[in-house]
Amino acid sequence: MNKIMSSAKEKKYAKRMRNQPANVSLDQSDGAPPHHEGRGSFQPYRGTSPGSSGRQHRGAHQSHFHSRGGRGRGAPMESQPIPKYVTASMFAQARAAEINAMVKAVSQKSSNSLVFQSLPRHMRRRAMGHNIKRLPRRLREIAKKEMEKTMHQKKEQSKSKCRKARRRHGNLQLEFNRRQRKNIWLETHIWHAKRFHMLKKWGYCLAHRPTMKSYRACYRAMSSHCLLQDLTYYCCVELLGKEEDLLLALSRLCSVDAGPTFMAAPCISGKRQGSLVLYRADKYPGEALGHITFIWKPRSVSEMACDKRQLWIWMHPALKEDVLKELRLVCVCEDRPDNFVCIPEPAPPPVKEEPPANATKAGKKRKLQNKEGEKAVPVKKIIGDGTRATPDPYYWTSTQTGITIRDLTMEIVRYRLVGPLSNCVLGDALHVAPLHKESEDSGPHGWWAGYCGNPDNILRHSNQESLFKLLKGLESPAQIPSGTILGLTVGDPRLNLPKRRTKSFPNLENYEDRDKVKSLMLDGVSVESSESLIWSADVRSRVTDNKISEQEINRLRSELLVPGSKLDLGNNESKIPVLLIQQPGKVTGKDRPGWGSGWDICLPKGWGMAFWIPLIYRGVRVGGLQQGLQHYQYMGAPNVPSEFPDTPAGAQSAQEAKAQSLEKYTRRPPAKRTNFIKHGVLAPFHCPWDQLTREWEMRPSVIDDPETKEKTCDSPEEMKTELSSAVSTEETVLEEDNKGRKDFSVLRSKKILKILSALVSPEIRGGKRAKEQPPGLSNLVTSVLADYPRSLIWVRLSMTKGNPELYSLICIPTEQDLHHLKQDKSFPGPVEPKHGDPFKNKVLKLKKDKKKDKTKQDLEKNDAAEEASCGDDLMLGLWPSPLPEVTGHCSRVLLGYVTQGDFSMAMGCGEALGFVSLTGLAHMLSGQPQDQTGLVLIRNLTSLQYRFAKLTIEV
């Protein structure tokens, strides 16, 4: 036990002696250190420096100590005598050096910890990190130096703040405004961002598809209830001028041959919405711009004497630039807006360094306010298009025609309700605004008081209210005339919210007055009832500025005597002018007429969420861009802009889709990609319409020549021979195209489309097919082919088996295919023989040669970049450009491509929409038997199996 204790004392003694000066030693007598004054003995000066003698003595002492095994082991060490004298100068010099070393060791930090972290844990406080006065006085100077040092070393203040600071209203609004610089947000963006996959497209941040599985649920909503979509990103352009001047200018952009124009009687009166396809000035039928809808402002009694008319044109944002350019051209307006102001960006203010933490006065709480105090302007939310340099919309005024063009993009919110119960949803969510009460104060809505002062306006308002209530008595919006417009002024829908989410259903009591319902179904809405105050820019701005905030409404609700009762604001209640526009749904074909009909509601900006939440509370399902595409596909209507290949927006959309598909294709390893060359697919990611129409144009006519007509469905080898004979003239055709020859276009002539529809589906009375073609049709088709040799036809395809996909091939069946199908109704279709890949060895050789020449650093690069370095036109599985003949490349002659295709839940089979060549369609119809007219073959890109489909042209 004594040995264990002595060993511990020796270790403690050695640890204590380790930090002692070199000329100090402690006596060890009787196994324990002596207790002299100063706990040590000084060595005499023996002619050498004190430092050296001390080091020698210490070394001897330590060696003797360790050699003996420590105190308490063996014989005790001899005691050293006390020095007789000390030299003061030398002793002070040695002690001064030791003190300097000790002070230096104390002042220098041996770790990265701060001063307050060196304190004992029981003395530490969290406030010491930013408030120096929380530290002891002896450490404040050191902490102050540390803080100044960190302030100088800080390069840039971190952008990331704590969540509490980020969620403050001012900071949050600044962040939202910053994120809208490149892509504009809709007013419902935050609501959608929590529930949808967002997509940045056309300069907006739009909802693509819901995060939850809802594809079938959205179809059920469109078929049996209601689907809600936000179409605020659609652009609105306002034209103001004399009616004659407007019609004269706009007549150059359209043609009566393609359908009703701006001069249609129901539309020009203002009670119907019109739609058409715009073209470049005097370029019909070529150089189309895209599909638009338009609304004329109804003429009121007070405006009968005035020649000015107002027109709104709604278009997709991809078409806005081209359409605005043509409108300025035909209206003789300058390119630069009249109110364009170039405001230079202000220089950033100098960053002021914040005072150190010790400058904060003790006992004073920090206030949540700006540095400017009460004069500070609160951060405002961006409402409308925040990209303009001026607060007002851009406008262009013509000095020659007097027409004013105004860009109202994002100035009007537009929602679309699709489904048979859209009437019920609108009837439950909205309530007609009450008339102004003279006994009360007019409040902030003086414009409504002035409007109610006219008896004619009160009568019109009551008629609109009665018509709006009749909508709930209709089974579907398709029962009223197409494009009906109903003007209305409604109250604040936030005051009419139910306690919980409910589902709207039709009210059978409204069927009692059958005469009014029949009148509404036959005649629609009168011109007077189509008027709305939303046409006035002054009223729109007042409605937006005088909107009651959500916070104020919640405060008033909390002060109600009976919680949960309806809040009555009287004249202080907001009045919002809106427009209800009926959407006809499916208007082509004979199956499911009126499917997908609904209503569009237009309202002033700033009221988006105030109307969105009440509609949600009525049980609607919300859709995005994917649901909009599904809606167009089931209606059999072309989608803008992808279904308009002859427009600049359609070509741009095709290029973007091709780049995305190619990028997705190259991300996969080469062994996991589909080899489209072996499948006989030349263009798997786009549709080469120009090459398709050019090759069919070079073929000889099949209508005039009876010998050629007999060989329309011969073997594909003969077809390839005919096409190869025409390839020699391809360079000449390309030269003519460069000289100004018209490119391909989509045929939109109603007269010709009706004739082709009768040719594809030859039916007569009683549903029996005609045995012979009607007389004169062949001559008419011949003249059409002469006028439109490079035209495309919009067709619809129905399959009995299989599901079509995007960019699938539409081909012409041979006589053997039709004969085999006639003999065996279950014949699935022919199979394409597998093609060879002539580029596979070349691609692999190039890849191998490049790997030999590369260094090790280059070999670590991405495989996709490596393949791109081999050449953009040479990739494994893809045919390089220029493409060979697309029509005769496979065993079946190519007729067109599918642009939309999927399983149709409405029809219970695979359906597709696409384009075919007009010349190729005439070639096919001239050789098919009457009982099999319109039968084509469809083959998906990743399959070799052809499937039969029925082709129809719906007008």
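The values are calculated or read from the model by the stated rules, or taken from the named source; none is laboratory data. None of these values were measured; they are calculated from a predicted model. No Cβ is skipped: glycine too gets one built from the backbone with ideal geometry, and neighbour counts run over all protein chains shown. All accessible areas refer to the heavy atoms of the entire protein, side chains included, with ligands and DNA or RNA removed. Shrake-Rupley method; radii C 1.70, N 1.55, O 1.52, S 1.80 Å.
I need the semi-axes of the equivalent ellipsoid of the range 563-621: take the C-alpha gyration tensor, multiply each eigenvalue by 5, square-root it, list largest first in whole angstrom.
Working: eigenvalues 220, 44, 19 Å².
Equivalent ellipsoid of the range 563-621: 33, 15, 10 Å, largest first.
What length, rounded to one decimal in nm, is gained on full extension from residue 568 through to residue 14, with 0.36 nm per residue of separation minus their alpha-carbon distance? Intermediate values should be presented prior to the final figure.
On the way: separation 554, 0.36 × 554 = 199.44 nm, distance 9.02 nm.
Gain in length upon complete extension: 190.4 nm.
Where the centroid of each part is defined by its Cα atoms, how far is the range 420-482 from the range 873-896 in Å?
60 Å
Probe radius 1.4 Å, ligands and nucleic acids left out: which of 191, 612 has the largest accessible area, and how do the rest follow? Write out the running numbers ahead of the final one.
Values: 191 40, 612 0 Å².
Heavy-atom accessible area, descending, gives 191, 612.
Which order do the peptides 139-151, 557-569, 459-471 come out in when sorted by mean C-beta neighbours inside 10 angstrom, highest first?
Working: 139-151: 14.2, 557-569: 9.7, 459-471: 17.5.
So the order, starting with the most tightly packed, is 459-471, 139-151, 557-569.
Would you kindly state how much longer the chain becomes between residue 536 and residue 945 on full extension, computed as 0.36 nm times their sequence separation minus their alpha carbon distance, in nm to one decimal?
Values: separation 409, 0.36 × 409 = 147.24 nm, distance 5.95 nm.
Result for the pair: 141.3 nm of gain on full extension.
Over 29 Å between C-alpha atoms is what I'm after, so list which of 104/133; 213/271; 499/575 land there.
Details: 104/133 26 Å; 213/271 40 Å; 499/575 23 Å.
As for pairs spanning more than 29 Å Cα to Cα, those are 213/271.
At 1.4 Å probe size, with every protein chain present, just tell me what the per residue accessible area of the range 553-636 comes to in Å². Display every interim value, and only then the final one.
Details: 2920 Å² over 84 residues.
That works out to 35 Å² for each residue.
Given 0.36 nm per residue, what is the gain on full extension from residue 515 to residue 248 after removing their alpha carbon distance, in nm? Please report the intermediate quantities before stating the final value.
Numbers: separation 267, 0.36 × 267 = 96.12 nm, distance 4.10 nm.
Between residue 515 and residue 248, full extension yields 92.0 nm more.
Quick one: in the range 391-455, what % of C-alpha pairs are over 20 Å apart? Could you put the intermediate results ahead of the total?
Values: 1350 of 2080 pairs.
For the range 391-455, the fraction of Cα-Cα distances above 20 Å is 65 percent.
Residue 458 to residue 180: FRET efficiency via 1/(1 + (r/R0)^6), r the Cβ-Cβ distance, R0 25 Å, to the nearest 0.05? Present the calculation step by step, with values, prior to reporting the outcome.
On the way: r = 42 Å, r/R0 = 1.67.
So the FRET efficiency works out to roughly 0.05.
With a Förster radius of 41 Å, plug the Cβ-Cβ distance of residue 903 and residue 507 into 1/(1 + (r/R0)^6) and report the FRET value to the nearest 0.05. Could the numbers behind the result be given before it?
Details: r = 36 Å, r/R0 = 0.88.
That gives a FRET efficiency of 0.70.
Based on the mean of other beta carbon atoms within 10 Å per residue, what is the order of 934-941, 205-212, most packed first? Show your work: numbers first, answer last.
Values: 934-941: 22.1, 205-212: 17.2.
Result, highest mean Cβ count within 10 Å first: 934-941, 205-212.
Once you place label points 7 Å from the Cα toward the Cβ at residue 7 and residue 96, how far apart are they in nm?
Distance between label points: 4.7 nm.
Once phi is turned into ³J(HN,Hα) by the Karplus curve 6.51 cos²θ - 1.76 cosθ + 1.60 with θ = phi - 60°, what whole-Hz value does each residue of the range 265-282 show in order, with x for glycine and proline?
With the stated coefficients, the range 265-282 comes to 4, x, 7, 5, 6, x, 9, 9, 8, x, 9, 6, 10, 8, 10, 5, 4, 6 Hz.
What order, most packed first, do the peptides 405-413, 523-531 have when packing is the mean number of other Cβ atoms within 10 Å of each residue?
Working: 405-413: 22.0, 523-531: 19.7.
With the highest mean Cβ count within 10 Å placed first, the list reads 405-413, 523-531.
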